[in-house]
1. Once you sort the root eigenvalues of the Cα gyration tensor of the range 313-369 as a ≥ b ≥ c, which label holds: rounded (a/c under 1.5), prolate (a/b larger than b/c) or oblate (the other case)?
2. Would you mind computing, in nm to one decimal, how far apart the modelled labels at GLN117 and SER230 are, each placed 7 Å from Cα along Cα→Cβ?
3. Go through PHE191, THR127, ILE208 and say which Cα lies farthest out towards the positive end of the charge dipole of the range 114-267; charges sit on Cβ, +1 for Lys and Arg, -1 for Asp and Glu.
4. Please name whichever of CYS276, THR325, PHE63 sits farthest to the positive end of the charge dipole of the chain, dipole taken about the Cα centre and charges placed at Cβ: Lys and Arg +1, Asp and Glu -1.
5. When the solvent-accessible surface of protein heavy atoms is calculated with a 1.4 angstrom probe, in what order do THR100, THR200 fall, highest first?
6. Of the heavy-atom accessible surface of the range 276-369 (probe 1.4 angstrom), what whole percent is carbon and sulfur?
7. Give me P(r) over the range 39-148, computed from all C-alpha to C-alpha distances, binned every 5 Å, as integer percentages.
8. Evaluate the distance, in nm, between pseudo-label points positioned 7 Å from the Cα of MET40 and of ARG278 along their respective Cα→Cβ axes.
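The values are calculated or read from the model by the stated rules, or taken from the named source; none is laboratory data. Since the model is a prediction, treat every value here as computed from it, not as a measurement. So basically every Cβ, Gly included, is an ideal-geometry build from the backbone, and we count neighbours across all protein chains shown. Quick note on the areas: whole protein, heavy atoms, side chains included, nothing else; ligands and nucleic acids left out. Shrake-Rupley method; radii C 1.70, N 1.55, O 1.52, S 1.80 Å.
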Amino acid sequence: MILTVPCLLGLESLVAEEMRRMGMAEVRAENGRVHCRGTMADIARLNIGLRCGARVLMELGSFPAPDFEALFQGTAALPWEDFIPRDGEFPVKGYSLNSTLHSVPACQAIVKKASAQRLGKAYGLETLPETGSRYQIQFSIVKDTATLYLDTSGEGLYKRGYRAKNMGAPLRETLAAALVLLSRYRGKDPFCDPFCGSGTIPIEAALIAKNRAPGLDRRFAAQRWKNMDSKLWMDAADEAQDKEFHGNYDIWGGDIDPAAVELAGHNAALAGVEDCIRFEVADAAAFHRDSEYGQLVTNPPYGERLLEKSEAEEVYRRFGAAVRTLPPKWRVLVLSSHTEFERCFGRTADKKRKLYNGMLKCDLFQYGK
């Protein structure tokens, strides 16, 4: 079957590389998603093991849909009964881009009606109870071609299960993991985040250092599916745990807010990595390290309103001065949506990468080779 992993724009190459390392076949990246060929066992492996992907979708079929009749007939031709049992709940959601069928609610209604008709005929029912497990149907209609999926993940893969609360502007765990991977941190050098907030970046760094699969402590929609053997999930979890490392890591998170530092420690404990990270109340303007090598990865406050923008600029100036005291072999990555970041920071980035933090367009400013 074809499996599709949506992801934040800008992370496609990282997700594709993750999938190749997991042994997926025919990995192919396009804007905002990565495809591969896989089995039911791979659904479990991808859900448990992916760090940067948003969710895992099982593709049921793709067909031209220039009008509602074509959408209805194409949907009704798919073998829904092979996956959705007679009591299965099957809500529909999706999107349309550059297509004649641009009304998403209308398309949702057509896909629901067609799949319900097919299931009703298969089970000899006029009305389907939808009292069982959820089989979320997703559709995409792009340039008049419809593709229909079942969502195997349920809640997005960024919901690792360790962050009950956050400190205001949250950084998704999947994006935090991507920042760590882009820094090329693998657990050997010191790793620091001077604006750690609720601890997401240091926690993801610790999970990467330990090679601990991020999905081990949560559940997924397909675990409740009748056509998916529970042994596949146990095997995938065992395989992931067998690949874990155990060592001593120098991972540090600092924040000027004591409440944030306390919450970060709590989240690290929930993630099972509290022994790998040292959290401290600290001012980023006073940040300093003497070690020859290291990675600094951080997401400072952006300042979305005018008054906050000037405050953020002052923070960047003071933080930039501190970073210039680091030995030259340190690698520094800063995520910011502020258009004047480099000017305030006092240094032009060696490399910039466009990313999205939710719907917010950001740049990843990279310093060091």
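1. oblate
2. It works out to 3.8 nm between the two label points.
3. About the Cα centre, the residue reaching furthest to the positive side is THR127.
4. Going by the charge dipole, the pick is PHE63.
5. Largest to smallest exposure gives the sequence THR100, THR200.
6. 53 percent
7. 2, 12, 21, 21, 18, 14, 9, 2, 0
8. Each label point is offset 7 Å from its Cα along the Cβ direction, giving 4.9 nm.
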